[in-house]
Amino acid sequence: MRKSITLYGMTFSLPMAIWQVMFFLAPLVFLIALSFWSVKNFRMEPDFNPDNWTRVLGRAVFWQAYLRTVILSAVAAMVASVLAFPCSYGIAFKLSPTARRWAIFMMVIPFFTSYLVRVYSWQIFLSDNGIINAALARVGLGPFPMLNSDFGVMVGYLTLCFPLVVLLQLFSLIFVDRTLIEAAHNLQCGRLRTVFEVVMPSAKVGLVIAALFCFILTFGDFVSPLYLGGGDPPTLSILITDTTKSGQQWPRAAVIALTMIATLLCVAFAAVSYAYRERGR
């Protein structure tokens, strides 16, 4: 059936369109224009100079930071999704409605505290003389270098997005048709097989979207790679900061930012297409 566009529908959809234009499209256009400007005597001048693109994309340090950022974000999305699924599954299928509401409330509580404060607290736990290594020393282990490493970055990434991944998975698992699970059990399907062949395919959209949100949040994160990873080798977010500090090269930083936006758009479209592929058939 063809859906007609009415004035009523356009009126209520107008605020969203205005919001997207003001806070996404307009800054994006300005960022694209800025990437072609020139910096002379530490001052930016409007120009159409593609030198910023050739210099940034022609540097090996950029591609090393790009690859490192993609790998760390992809690993964080996979680890968070795997660790969050048992938690979200238990809340959705094993708890009573009252206990489920309390569990959701507990998942929201971490967002009451600043992410930066939580990362600073992890420095106390992960340092060579920190709480974790002190506890391991009592049993004759350690110290293990956890701070200023990829492990520290991953801990920060999970601190950022793990509760959100649990919530997104949970909201998808709650709406799984229980009759499908009962039918699988009636057909002598084991619990583990039911999870993989019934529950997960039914909640596929939510699981993919949860992993996508984790990838997006960690891909642009600056705090964990700097304060828990040491900032060396840099990620793209740290590389943007270093670029702006070296001669006020905001146009080259804009090139890095646009590359990040293009990557996230491609990943988002690919993930959403994969999540809704079976539903469209």
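Figures for the structure shown
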{"item": "Vicinal HN-Hα couplings computed from phi for region 226-233 (Karplus, 6.51 cos²θ - 1.76 cosθ + 1.60; Hz; Gly/Pro x)", "result": "7, 8, 10, x, x, x, 9, x"}
{"item": "Hydrodynamic radius by Kirkwood, which averages 1/r over all alpha carbon pairs of the chain, in angstrom", "result": "22.1"}
{"item": "Rounded FRET efficiency, nearest 0.05, which uses the C-beta distance separating PHE42 from SER273 and R0 of 35 Å", "result": "0.20"}
{"item": "³J(HN,Hα), Karplus 6.51/-1.76/1.60, whole Hz, each residue of region 160-165, x for Gly, Pro", "result": "6, 10, 4, x, 5, 5"}
{"item": "Order of SER149, SER81 - criterion: other Cβ atoms within 10 Å of each residue's Cβ, fewest first", "result": "SER149, SER81"}
{"item": "Residues SER202, SER35, SER224, SER13 arranged by fewest to most Cβ contacts within 10 Å", "result": "SER13, SER202, SER35, SER224"}
{"item": "ALA33/LEU67 FRET efficiency (R0 30 Å; Cβ-Cβ; nearest 0.05)", "result": "0.60"}
{"item": "Packing-based exposure ordering (other Cβ within 10 Å, fewest first) of THR11, THR243", "result": "THR11, THR243"}
{"item": "Angstrom value of the Kirkwood radius, inverse mean 1/r, which spans all Cα pairs in region 102-164", "result": "12.8"}
{"item": "Integer Hz, Karplus 6.51/-1.76/1.60 couplings in order for region 40-48, x for Gly and Pro", "result": "10, 6, 6, 10, 7, 10, x, 7, 10"}
{"item": "For the chain, built as a Gaussian network whose Cα springs stay under 10 Å, the top-fluctuating residue of PHE151, PHE213, PHE23", "result": "PHE23"}
{"item": "Aspartates and glutamates with Cα under 20 Å of LYS204, excluding same-chain neighbours fewer than 8 positions away", "result": "ASP177, GLU182, GLU278"}
{"item": "Across the chain: Cys residues that no other cysteine approaches within a C-beta distance under 4.7 Å", "result": "CYS87, CYS189, CYS266"}
{"item": "Paramagnetic reach from ARG55 (point 7 Å along Cα→Cβ, amide N under 17 Å) across region 230-253", "result": "239-253"}
{"item": "Pair LYS245, PHE175: separation of 7 Å Cα→Cβ label points (nm)", "result": "4.5"}
{"item": "Prolate/oblate/rounded call for region 59-141, Cα gyration tensor, a/c under 1.5 rounded", "result": "oblate"}
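The numbers here are math on the coordinates, done by the rules we state, and not lab data. Source: prediction; values computed, not measured. Cβ atoms come from the backbone with ideal geometry, glycine included; neighbour counts cover every protein chain shown.
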